[in-house]
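Below is one structure, written out as structure tokens; comments come after it.
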Amino acid sequence: MLSALALALIVERAWTLRRAAVLPPGLGEEVRTWAAGGRLDPAHIDTLRGTAPLGALLAAALDVRHRPRDQVRERIEDTGRHLVHGMERYLNTLGTIAAAGPLLGLFGTVVGMIEMFMGILDFGIGDVNELAGGIGKALVCTATGMVVAIPALWAHRWFRGRIAGYIVDMESEAIRLLDVLDSPPAPAPTAPGSHGITPALAKG
């Protein structure tokens with residue numbers, strides 16, 4: 001059961017945390033172009049918010065773009081914490097599986113050894129080969145727990161590292177957007193390209 005649950009969580013997180021789904025290529029540059037040209041309105045920002053976690057972070061900055069820079073940074077940090085919480089969804093469960101797998105395997109081994117020694121107490125040692133076979137079967141529980149736990153632990157650490165890398169990249173994009181917002185407005189650009197944002201966003 002734990003192995004099936006771990007596999008399902010790994011597949012789900014691997015799909016959800018694809019780089020293209022979290023940090024769409026070119027989205028940051030596209031938003032900076034819009035911000036530099038002043039081509040932003042509430043509908044535009046709302047649509048940006050639904051594109052990806054990076055879009056949600058940049059939209060949060062644009063919501064308060066007319067406030068002082070320190071207040072904009074606070075909004076970015078608050079939004080970033082919520083986004084990180086969403087990206088870390090199910091990782092605690094995966095970490096629990098990684099920790100519980102060896103313990104459950106060890107528990108099965110201990111129970112098997114207790115049963116085997118209780119049998120020896122009642123009926124004697126009997127065949128030594130049979131005794132060795134019983135010990136081997138008990139140790140299979142421990143090995144099985146490790147087989148479940150090791151991939152779960154590896155995936156848990158890998159996803160954590162991947163999310164940490166995304167956070168650094170998202171912070172970099174947000175800072176670059178802040179620099180653009182602090183700069184004087186540039187002439188309006190031509191219609192932007194597509195990143196899941198409709199052409200209607202170019203209006204206004």
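Quick check on this structure: which one of A35, A60, A56 is under 14 Å from V84 (Cα atoms) and either open to solvent by less than 70 Å² (accessible area, probe 1.4 Å) or modelled with pLDDT of 90 or more (or both)?
Working: A35 fails: under 14 Å from V84 (Cα atoms); A60 fails: under 14 Å from V84 (Cα atoms).
Within the list A35, A60, A56, the selection yields A56.
The residues of segment 148-182 that are open to solvent by 70 Å² or more (accessible area, probe 1.4 Å), touching a residue at least 60 places away in the same chain (Cβ under 8 Å) and over 20 Å from the mean Cα position of the chain (by Cα), listed by number, are R176, D182. Taking A98 as the residue in question, decide whether it is modelled with pLDDT of 90 or more, open to solvent by less than 60 Å² (accessible area, probe 1.4 Å) and either part of a helix (DSSP H, G or I) or in contact with a Ser or Thr (Cβ under 7 Å, 6 or more places away or on another chain) (or both). Yes.
Conditions tested, residue by residue: (1) crowded, with 16+ Cβ neighbours inside 10 Å; (2) under 22 Å from Y166 (Cβ atoms).
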{"site": "M1", "(1), (2)": "no, no"}
{"site": "A4", "(1), (2)": "no, no"}
{"site": "P42", "(1), (2)": "no, no"}
{"site": "L48", "(1), (2)": "yes, yes"}
{"site": "P68", "(1), (2)": "no, no"}
{"site": "H85", "(1), (2)": "no, yes"}
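Quick check: is even one residue across segment 67-75 closer than 30 Å to L7 by Cβ, touching a residue at least 60 places away in the same chain (Cβ under 8 Å) and assigned to a helix (DSSP H, G or I)? Looking for residues that are closer than 30 Å to L7 by Cβ, touching a residue at least 60 places away in the same chain (Cβ under 8 Å) and assigned to a helix (DSSP H, G or I), one finds none in segment 67-75, hence no. When you check R49 against the structure, is it at pLDDT below 90 and of a type in the set (K, R), yes or no? Answer is yes for this residue.
The values are calculated or read from the model by the stated rules, or taken from the named source; none is laboratory data. In this text, all values refer to a predicted model and were calculated from it rather than measured experimentally. Virtual Cβ from ideal backbone geometry, glycine too; neighbours counted across all protein chains shown. Remember, those area values only see protein heavy atoms, side chains included, never the ligands or the DNA or RNA. Shrake-Rupley method; radii C 1.70, N 1.55, O 1.52, S 1.80 Å.
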